[in-house]
Amino acid sequence: IKHKIKMQVLLYPGLQITDSYLPSHRENEHGIVLTRDVAIKLVSLYFTKDEALPWAMRRNQHMPLESRHLFKFVNWSILLPEKYRKDYVYTEPILGGLSYSLPGLTDSRALPLLANDSQLQNLPLTYILTCQHDLLRDDGLMYVTRLRNTGVQVTHNHVEDGFHGAFSFLGLKISHRLINQYIE
């Protein structure tokens with residue numbers, strides 16, 4: 001790379017699919033803009049047209065047998081602040097629910113939460129926007145924790161009354177507020 005990246009900006013990011021049943025998935029299953037079924041369908045189509053993948057993702061049984069070592073990178077019971085863990089009980093995804101393997105499911109280039117700490121520590125200054133009423137909330141919260149634990153400087157804006165895509169709804173007051181906070 002000729003030019004070193006100085007900053008990364010992530011707006012309600014989807015950063016992993018290893019665990020498809022995080023607390024934010026349970027709370028926002030029928031989201032305002034992004035529902036759990038739509039998210040699973042979109043992610044599945046990225047990897048394959050086979051209907052077995054979304055079926056397995058809905059049951060959190062889609063990861064290959066050799067992926068257990070990745071769970072430590074997305075273990076929400078450790079990475080989420082207690083406020084967001086609430087009374088949910090962590091259970092690991094069930095491995096081997098698919099009769100075939102999709103290497104993309106374990107690729108940290110597409111799913112940054114699967115990167116190891118030595119890869120994360122070289123990332124630039126980071127801005128992350130998460131919204132309370134968003135299926136992807138916990139991905140962003142876990143990434144904030146992982147980046148800060150490796151020494152990356154992170155500015156995190158969590159919007160309690162926000163929802164997935166709120167930044168884009170220019171006619172709503174929340175959109176203007178999020179844009180102004182981002183610019184600041």
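The values are calculated or read from the model by the stated rules, or taken from the named source; none is laboratory data. Being a predicted model, the structure only gives us computed values, none of them experimental. Cβ sites come from the backbone with ideal geometry, for glycine too, and all protein chains shown count toward neighbours. Note: accessible area is taken over every heavy atom of the protein model, side chains too, but ligands, DNA and RNA are not part of it. Shrake-Rupley method; radii C 1.70, N 1.55, O 1.52, S 1.80 Å.
Observations on the structure shown:
- Residue in region 120-132 that is within 28 Å of R85 (Cβ to Cβ) and of a type in the set (F, W, Y) present: yes
- Restricting attention to region 92-123, the residues that are within 21 Å of L22 (Cα to Cα), out of contact with any Ser or Thr (no Cβ under 6 Å at 6 or more places or on another chain) and among the polar types (S, T, N, Q) total 2.
- Qualifying positions in region 94-119 - open to solvent by less than 90 Å² (accessible area, probe 1.4 Å) and either among the aromatic types (F, W, Y) or over 15 Å from the mean Cα position of the chain (by Cα) (or both): L95, G96, G97, L98, Y100, S101, L102, G104, N116, D117, S118
- Residues considered: Q153, Q132, Q121. Of these, the only one that is touching an Asp or Glu at 6+ places or on another chain (Cβ under 6 Å) and touching a residue at least 12 places away in the same chain (Cβ under 8 Å) is Q132.
- If you go through region 22-38 and keep only what is surrounded by 18 or more Cβ atoms within 10 Å (Cβ to Cβ) and either modelled with pLDDT of 95 or more or not in a loop (DSSP other than H, G, I, E, B) (or both), you end up with L22, P23, S24, H25, E27, N28, L34, R36.
- Identity of the residue in region 71-88, among the charged types (D, E, K, R) and part of a loop (DSSP other than H, G, I, E, B), that ends up surrounded by the most Cβ atoms within 10 Å (Cβ to Cβ): K86
- Residue that is surrounded by fewer than 14 Cβ atoms within 10 Å (Cβ to Cβ), over 23 Å from G162 (Cα atoms) and touching a residue at least 40 places away in the same chain (Cβ under 8 Å), where the choices are M7, M63: M7
- Every test in (1) at pLDDT below 95; (2) crowded, with 16+ Cβ neighbours inside 10 Å is passed by T91 save one, and that test is (2).
- Selection status of K41, at pLDDT below 95, open to solvent by 20 Å² or more (accessible area, probe 1.4 Å) and over 13 Å from the mean Cα position of the chain (by Cα): no
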